[in-house]
Amino acid sequence: MQKTAIIIPCYNEARRLKGEEYVFTAKGNSELHFFFVDDGSTDGTREKLAALCSANPLQMKLIGLDKNSGKAEAVRVGFLKAFASDYGNIGYWDADLATPLGVIPAFCGILEKQGIVLVMGSRVRLLGRRIERNAMRHYMGRIFATLSSLVTGLPIYDTQCGAKVFKNSEELRMIFGKPFRVNWTFDVEIMARLLMVERTTGTAPLVTSAVEYPLEEWTDVPGSKIGFGDFLVMFMELCKIFHFLRFPGAERRFTKWKNEPSR
């Protein structure tokens, strides 16, 4: 397994943070590093993360944001910090560990294959797998996934699973170089930016360079911050992404945008 950084965005996760699982996983794999990004928490999350990172400062680092900026920006800041080091792979993971950390080596193994640049978890409920999701959120998620596929033109089953690992590259730096235009649906915007990079630089088609990995286990952890109203916001954000991808002159504007200095 190549040296890998996993970004963990955290906002008021003091009660749900399973610190012992991060410690155990890091101890068992010296090539795996965690970047915890505290997104302006107000419940003691930062103090808990500081104590956690002090247990293994070589593999666990804390990044504190002064104010709550949203998950998209927290993830992006983590990537910018990771870019300063020599990581072969960089990804992000939901702090509640709905997706177990033990699957990360499998993701990285797939990234070793020629031409693969992205592996993302997919919550497919199959025989022999333990995928536990709230029924309403599952069906709303299926509607959203269908709309996301229509917007991007990609046959993605699950855009919103918070478990993704990328191969580190100049193209990845380009994708995370600028703040996202959306927050809840930044996963879809990542796909849109990858497609725009494909159009403007001639990289391998995303339909062959990205892989969805059917998870063996995923648990809907109580305390999720996403409600029905947020799904409405997500649908509106999809409209922004559609505009980003499909509006006339999009490639020209993206080429200009990607060459601007990052903040």
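General observations
- Farthest toward the positive end of the dipole of the chain, out of G162, V197, F176, is the Cα of V197, where the dipole comes from beta carbon charges about the Cα centre.
- Nearest-20 debye value, the range 1-130 charge dipole, Cβ charges on Lys, Arg, Asp, Glu: 400 debye
- Summary of the geometry: the range 163-233 and the range 30-63, compared by the centres of their Cα atoms, lie 23 Å apart.
- Stretching the chain fully between N56 and R15 yields a gain of 12.7 nm (0.36 nm per residue, less the alpha carbon separation).
- Extension gain for L80-E47 works out to 9.6 nm (0.36 nm per residue, less the C-alpha to C-alpha distance).
- Kyte-Doolittle mean at least -1.0 and Cα axial length at least 24 Å: DSSP H helices in the chain: 135-152, 228-246
- Ordering T146, W93, T255 by the projection of their Cα atoms onto the charge dipole of the chain, which places +1 on the Cβ of Lys and Arg and -1 on the Cβ of Asp and Glu, puts T255 at the extreme positive end.
- Each Lys and Arg contributes +1 and each Asp and Glu -1, all at the Cβ; summed about the Cα centre of the range 4-258, the dipole is approximately 640 debye.
- Computed about its Cα centre, the charge dipole of the range 56-203 is approximately 300 debye, with only Lys, Arg, Asp and Glu carrying charge at their Cβ.
- Full extension of the chain segment joining T208 with R181 gains 7.1 nm, where the gain is 0.36 nm per residue of separation less the Cα-Cα distance.
- Modelled this way, with points 7 Å down the Cα-to-C-beta line, the labels at S169 and L126 are 2.5 nm from one another.
- Approximate spin-label separation H138-I116, in nm, with each point projected 7 Å along Cα-to-Cβ: 2.7 nm
- Placed amide H near S69: partners under 5 Å, 5+ positions off or other chain: none
- Among beta bridges that DSSP assigns inside the range 4-258, antiparallel share in %, nearest 5: 25 percent
Where a number appears in this text, it was derived from the coordinates with a stated rule and is not lab data. Please read these numbers as outputs of a predicted model, since none were measured by experiment. A quick note on method: Cβ atoms are made from the backbone with ideal geometry, for glycine too, and the neighbour counts reach across all protein chains shown.
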